[in-house]
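Scroll down for the structure; my scribbles are underneath it.
The values are calculated or read from the model by the stated rules, or taken from the named source; none is laboratory data. Given the structure is predicted, the values throughout are model-derived calculations rather than measurements. Ideal geometry is used to build each Cβ from the backbone, glycine not excepted, and the neighbour counts take in all protein chains shown.
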Ligand code: SF4
Ligand code: MG
């Protein structure tokens, strides 16, 4: 399949300032040299603990944040080259779904108006056309015409996320970046929303970047998965390969720490020792070395680069 999104060497460094003179005292490498590509129609999951840089990566894909360096090629266009207006136009094609849709839904607008707003902002002014597209997307997202006349506070969390998804889809984008879209929902509602996202993907031929700390959610929805640790991609592979035969010690520990679903064996196996180091002061060499059971001398001095060990399976680790 053809590549829709190609991310190369993406970095986001935040300056740390301190002291009386407010001088730059260091940098937080929130995202440090991340590269991956996403094919048209597929779901690329990004998984990692909080603070690993996955949300920052997601925001840079839409230029909600401008990267320190690196390129985001979307459908052959380098987004950094677009001026403000051209980027605004491009946003029709790249939309974001957030963890908490309620925070971004105007409480004074009805659902119908919330969905009509992006259309109007992008020049769809014909009233019949706006109504047609709003009702189509409402139906596709499992919302009724009657519900469209209500306000966001009248809805449950799951329904609000349906509204958030409908708003993201109303401009008929090609790419959706979903950042923890089901993390705030009850487990039973989570699977409804995940199924909805998959149905919409099939109907509209959408491509997803799906960001979550929850490994089972990512597995459920993703074709391929990238694992992030302290601002870097440490392993990328097909979802199946990655979950069945993880190669990076961090991926292995993450998977081993997932609670076992069998209720008679309700315990959490936790192999992960210690805290995540601060990205302001990351370890030299492999960032995972302080927690890695396989660390050797070289791990503390030389940073492992991502290398392809099998077709489509990349790992950044000195063990290989
Ligand atoms: Fe562990 Fe070394 Fe591999 Fe890092 S490079 S994950 S410290 S074995
Ligand atoms: Mg799919």
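Points worth noting:
- Residue match in segment 275-285 (condition: under 15 Å from residue 232 (Cα atoms), within 11 Å of ligand 1 (Cβ to nearest atom), modelled with pLDDT of 95 or more and surrounded by 13 or more Cβ atoms within 10 Å (Cβ to Cβ)): no
- Residues that are within 16 Å of ligand 1 (Cβ to nearest atom) and surrounded by 24 or more Cβ atoms within 10 Å (Cβ to Cβ), drawn from segment 48-63: 48, 52
- A Cβ distance below 6 Å, combined with a sequence gap of six or more or placement on separate chains, defines the contacts here; from segment 190-208, residues that are on the phi > 0 side of the Ramachandran plot reach no residue that is part of a helix (DSSP H, G or I) and away from ligand 1 (no atom under 16 Å from the Cβ).
- So residue 16, is it crowded, with 16+ Cβ neighbours inside 10 Å and either touching a strand residue (DSSP E or B) at 6+ places or on another chain (Cβ under 7 Å) or in contact (Cβ under 8 Å) with a residue 60 or more places away in the chain (or both): no
- At least 2 residues being within 16 Å of ligand 2 (Cβ to nearest atom) and farther than 19 Å from residue 213 by Cα is the threshold, and among the strands (runs of 3 or more DSSP E) wholly inside segment 1-74 those reaching it are 3-18, 23-39.
- Qualifying residue in segment 22-29 (condition: touching a helix residue (DSSP H, G or I) at 6+ places or on another chain (Cβ under 8 Å), at negative phi and surrounded by 13 or more Cβ atoms within 10 Å (Cβ to Cβ)): no
- Single residue of segment 296-320 satisfying the filter (free of Cβ contacts under 8 Å to residues at least 60 places away in the same chain and part of a loop (DSSP other than H, G, I, E, B)) that is farthest from ligand 2 (Cβ to nearest atom): 301
- Taking the criterion of being touching a strand residue (DSSP E or B) at 6+ places or on another chain (Cβ under 9 Å) and free of Cβ contacts under 8 Å to residues at least 40 places away in the same chain, the only residue of segment 279-295 that qualifies is 286.
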